[in-house]
Amino acid sequence: MNNDEYITTKIIMAITTLGRTKLYEMIKKGEFPKEDKQTGKEKYWKAESVYNWMQQKAKERNQ
């Protein structure tokens with residue numbers, strides 16, 4: 001994975017199975033990383049930050 005790779009809301013929803021409303025609720029509560037940049041209506045996250053979040057959640061489930 002390239003450290004400069006960005007992913008969209010749609011991709012995040014596909015790989016995490018979170019719905020749009022739940023995703024934005026989690027962002028607002030600080031439970032999910034905030035987007036790194038926005039172009040028009042589309043928001044982008046660094047792929048690395050999303051994958052790190054997913055790994056952390058997996059570790060928490062396994063404890």
Point to revise | Pairs where the first residue, in the range 5-24, is within 10 Å of residue 47 (Cα to Cα) and the second is assigned to a helix (DSSP H, G or I) and of a type in the set (D, E, K, R), C-beta under 8 Å, 6+ apart | key: 5/48
Point to revise | Tally, over the range 16-37, of residues that are closer than 20 Å to residue 4 by Cα and either in contact with a Pro (Cβ under 7 Å, 6 or more places away or on another chain) or of a type in the set (A, V, I, L, M, F, W, C) (or both) | key: 1
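With a cut-off of at least 2 residues that are surrounded by 10 or more Cβ atoms within 10 Å (Cβ to Cβ), name the strands (runs of 3 or more DSSP E) lying wholly within the chain. Working first, answer last.
Details: elements: 6-8, 37-39, 42-46.
Where strands (runs of 3 or more DSSP E) fall fully within the chain and carry at least 2 residues being surrounded by 10 or more Cβ atoms within 10 Å (Cβ to Cβ), they are 6-8, 42-46.
Where a number appears in this text, it was derived from the coordinates with a stated rule and is not lab data. Since the model is a prediction, treat every value here as computed from it, not as a measurement. Every residue, glycine among them, receives a Cβ derived from its backbone with ideal geometry; neighbour counts consider all protein chains shown.
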